[in-house]
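Remarks on the structure that follows.
The values are calculated or read from the model by the stated rules, or taken from the named source; none is laboratory data. None of these values were measured; they are calculated from a predicted model. Positions of Cβ are generated from backbone atoms using ideal geometry, with glycine treated the same way; all protein chains shown enter the neighbour counts. Protein only, heavy atoms only, side chains kept; ligands, DNA and RNA dropped before computing areas. Shrake-Rupley method; radii C 1.70, N 1.55, O 1.52, S 1.80 Å.
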Amino acid sequence: MGWTTSATGEEDPMPYGIGALGAALFVLVFLIDGATRPGYSPTRHTVSALALGPRGWLQRANFVLCGAAITGSAVRLLTSGDHQMLGLVLTIFGLGLVVSVVPMDPMRSYPPGTPDRDPTEFSVAHAVHDVAGAAVFFALPVIAVVSAFTLPGTAWTVGAVLVLIVLMVALIAFQRAWEQDSPTTGTAQRAVLVPGLLWVAAVFASFA
């Protein structure tokens with residue numbers, strides 16, 4: 001009953017608005033925090049590195065709260081009877097963000113004082129974080145594909161195809177940058193996350 005309006009019995013759009021807000025807010029927080037964090041380079045360091053260090057609580061909260069908002073809206077879509085595939089992949093994406101709160105290992109000069117290299121051995125927490133990150137980055141292009149076949153109208157289809165192209169190019173660039181410890185690794189990752197999350201916000205907004 002909490003998902004319907006009292007006057008008409010129609011589905012309440014508010015839960016989808018929460019998911020849209022969560023996706024957009026996630027981007028806003030990591031962009032501002034990364035640009036103002038002492039010792040952090042948004043061009044080199046990944047978003048996940050923001051969860052480390054004295055101000056790491058902010059990105060950890062960002063993972064949990066925005067991920068939970070996305071997950072809640074996605075589960076609503078999954079259980080609504082329509083668009084179940086879209087709801088499923090959005091749920092996987094949202095849960096991936098929440099689990100990403102498990103921290104990566106300090107590396108590559110962040111937090112300040114960390115050696116400028118990768119650890120010789122990674123922790124269990126880092127392995128969990130990698131799995132969650134894989135779910136996030138796998139889900140984003142799938143969301144674009146599914147939304148191309150789900151959302152009505154040519155504009156949505158064209159938009160989904162364009163976003164998919166951007167995501168695939170950016171994912172390849174990010175993978176190469178990460179493996180080579182490129183000074184533009186952070187930029188490449190943001191080239192995936194920003195359009196991907198804004199597309200997630202737009203998809204939720206279409207149901208609101």
Q. In the chain, what percent of the accessible surface is made up of carbon and sulfur (1.4 Å probe, ligands and nucleic acids excluded)?
A. 71
**Q.** On Cα atoms only, tilt of 56-78 relative to the major axis of the chain in degrees
**A.** 30
Q.
Just to confirm the number: angle between the C-alpha axis of helix 124-150 and the first principal axis of the chain, 0 to 90 degrees, nearest 10?
A. 40
(Q) What's the magnitude of the charge dipole for the chain around its Cα centre, counting Lys and Arg as +1 and Asp and Glu as -1 at the beta-carbon? Answer in Debye, nearest 20. (A) 380
**Q.** the stretch 80-160: relative contact order as a whole-number percent, Cα under 8 Å and 6+ apart
**A.** 34
Q. Ignoring ligands, DNA and RNA, how do Met168, Met104, Met85 rank by accessible area with a 1.4 Å probe, largest first?
A. Met85, Met168, Met104
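At a 1.4 Å probe radius, which order do Leu95, Leu77, Leu65 fall into by accessible area, largest first?
Leu65, Leu95, Leu77
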Q) For the stretch 134-207, what is the convex hull (Cα atoms) projected area averaged across all directions, in square nanometres? A) 4.6
Q.
Among Gly81, Thr114, Ala155, which residue has its Cα furthest toward the positive end of the charge dipole of the chain, with +1 on Lys/Arg Cβ and -1 on Asp/Glu Cβ?
A. Thr114
Q: Compute, for Thr187, the solvent-accessible surface of its heavy atoms (probe 1.4 Å) with the complete set of protein chains present, and express it in square angstrom to the nearest 10.
A: 70
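Tell me the relative contact order for the chain as a rounded percent, counting alpha carbon contacts under 8 Å between residues six or more apart. Before the final figure, lay out each step's value.
On the way: 312 pairs, mean separation 54.2, N = 208.
Normalised by residue count, the contact order of the chain is 26 percent.
Accessible area per residue for the stretch 46-161 in Å², computed with a 1.4 Å probe and the full protein assembly in place, what is it?
Result: 45 Å² per residue.
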Q) Once you list every other residue whose beta carbon is under 12 Å from the beta carbon of Gly34, what net charge do they have if Lys and Arg are +1 and Asp and Glu are -1? A) +3
Q) Given 0.36 nm per residue, what is the gain on full extension from Ala208 to Leu28 after removing their alpha carbon distance, in nm? A) 62.7 nm
Q. For Thr43 and Leu198, what is the calculated FRET efficiency with R₀ set at 22 Å and r taken between the beta-carbons, to the nearest 0.05?
A. 0.65
Q) Roughly speaking, what is the stretch gain from Asp105 to Thr154, that is 0.36 nm per residue apart minus the C-alpha to C-alpha distance, in nm to one decimal? A) 13.2 nm
Q: Within the stretch 59-77, which residues have the backbone N less than 19 Å from the label spot 7 Å out from Ser123 along Cα→beta-carbon, could you tell me?
A: 59-64
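Would you calculate, for the chain, the mean residue ellipticity at 222 nm contributed by helices, counting each DSSP H stretch of 4 or more residues as -39,500 (n - 2.57) and dividing by all residues, to the nearest 500?
About -23500 deg cm²/dmol.
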